[in-house]
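The values are calculated or read from the model by the stated rules, or taken from the named source; none is laboratory data. Since we're looking at a predicted model, the values are computed, not measured. Methodologically, a virtual Cβ is constructed for each residue, glycine included, from the backbone with ideal geometry; neighbour enumeration extends over all protein chains shown.
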Amino acid sequence: MKRIILSLLFMLASFAVFAQSGRAIYNRYSDAEGVSAVYISPQMFRLIGRIPELNVGDGKVDLTPVIRSLSGLYIISGPMDAIGEEMHRDVLKMAKSGNYELLMEAKDDGQTMKMYSTGTEQTVKGFLLSALDGDECTFICLDGEMPRKEFEELIAAIAKDGEKDE
Amino acid sequence: MKTIEEKIHAIQNLDDAALEQLADDAGVAVPTGLGDRIRENLAAAALAETAGAVKTVSPQRRMFRRILAASLSAAAVLAGLVLLLQRPAGPEDTFDDPALAYASLQQTFEYISEKVRFGAGMAEEALPLGERPFEILKNINEK
């Protein structure tokens, strides 16, 4: 009897974990009114990686080294009053249940931003960003097996590129 | 000549003093193995008492419990399978064109970097404020 109860509990726990993934949050909010949603599947990432000459654009950083290590991208962007607070709470639950580490948190002048990642010292297996900007909220989730050094260098390079543009 | 029943009745009616006298009487031959038989009987009586205190489950009840446990296990496995099979299918790709998907990915990384700059900028602004307490302490020490 104890084994049956334990197996039922394990099944319920695994179901609960599924409910707090990037895919679950995307499925929950992507059809909401006023929301724009983007999903890129692992198959699409493979197709991108196979394009022989990608038009990277002037001065833009080349992402192809990281693309092969990505397996999913989920983006939800929508009005704050419709989905903002609930989605932000779901993201926090996801970060907690998925053992995500808080990388950065900033709050200023109506803007709130939280960044999380999960993985090992060498690999980033997941990246989360939740941003509340005035009346707009954004959720970004990246899944994959990105080498941490390459990922950080990429973000830094794009940030530097952005500073030059400003 | 007393019958065996009369002899047994007479023995049963002996008091403790008479029993002790008989025990001390060396003339009475003790049957061989009597001590062992008495110990065995006492042990069997003790076991029977213990067994009576423990509730034994009948074979039918034991079978019923096994069937119930097996049924619940099977139901739990089936429920798990149904939940797994009913999981919502993965979302559809937003873009059909990989080049458009790449452009979206680029915009995403630019957005992430913008937020990183936002956070780093705030940290940079706060640094001089963090140095103030040290300056104050330094001034106090110099005085």
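The figures follow:
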item: Residue among A:L47, A:L9 that alone is under 30 Å from A:M87 (Cα atoms) and at pLDDT below 90; result: A:L9
item: Segment A:20-43: number of residues that are touching a Pro at 6+ places or on another chain (Cβ under 9 Å), assigned to a loop (DSSP other than H, G, I, E, B) and within 11 Å of chain B (Cβ to nearest Cβ); result: 2
item: In segment A:136-155, residue farthest from A:T64 (Cα to Cα) [restricted to those that are in a helix (DSSP H, G or I) and touching a helix residue (DSSP H, G or I) at 6+ places or on another chain (Cβ under 7 Å)]; result: A:I155
item: Those residues of segment A:96-118 which are basic (K, R), over 15 Å from B:E114 (Cβ atoms) and assigned to a strand (DSSP E or B), in sequence order; result: A:K107
item: Out of A:E85, A:E121, sole residue that is part of a loop (DSSP other than H, G, I, E, B) and exposed (fewer than 15 other Cβ atoms within 10 Å of the Cβ); result: A:E121
